[in-house]
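Inspection log for the structure reproduced underneath, given as structure tokens.
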Amino acid sequence: QSYCHRLQHDMYFLTSTSRLNEQVVDKIILQLNRVYPQILTNEEAEKFRNPKASLHTRLSDLLKHLQKKGDRHCQEFYRALQINAEQLFNDLPSRKIL
């Protein structure tokens, strides 16, 4: 199963009722931007960190953006999620299937 398919499967879980807070989402975005600038450019990172948009909207847009970019981008999101929110990562629906 590709990482993009996994992300599609996990999207509702990740975006539903406050599973990820503002600080964790920021850490994930910054990690993707700083460690892998080819995955998330400075401009993209600023867009996904914009406090004027709701956290739910920004997170949904980020996940859709990564899915469009391809499997490597989705894989790096999972890596960032594991580093910054390990318990949530372990509870993902796609992990239970694996």
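The values are calculated or read from the model by the stated rules, or taken from the named source; none is laboratory data. Small disclaimer: the values here were computed from a predicted structure and weren't measured. Here Cβ is always computed from backbone atoms with ideal geometry, including for glycine, and neighbour counts include all displayed protein chains.
The table that follows gives values for the structure above.
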read-out	value
Residue list for the stretch 42-98, restricted to those being among the aliphatic types (A, V, I, L, M) and assigned to a helix (DSSP H, G or I)	ALA45, LEU55, LEU59, LEU62, LEU63, LEU66, ALA80, LEU81, ILE83, LEU88, ILE97
Evaluation of ILE39 against (1) part of a helix (DSSP H, G or I); (2) touching an Asp or Glu at 6+ places or on another chain (Cβ under 7 Å); (3) not charged (D, E, K, R) (one fails), failing number	(1)
Odd one out for ASN33 among (1) farther than 20 Å from LEU92 by Cα; (2) at pLDDT below 95; (3) polar (S, T, N, Q)	(2)
Scope the stretch 21-38; condition crowded, with 19+ Cβ neighbours inside 10 Å and either in contact (Cβ under 8 Å) with a residue 24 or more places away in the chain or of a type in the set (Ser, Thr, Tyr) (or both); matching residues	VAL25, ILE28, ILE29, GLN31, LEU32
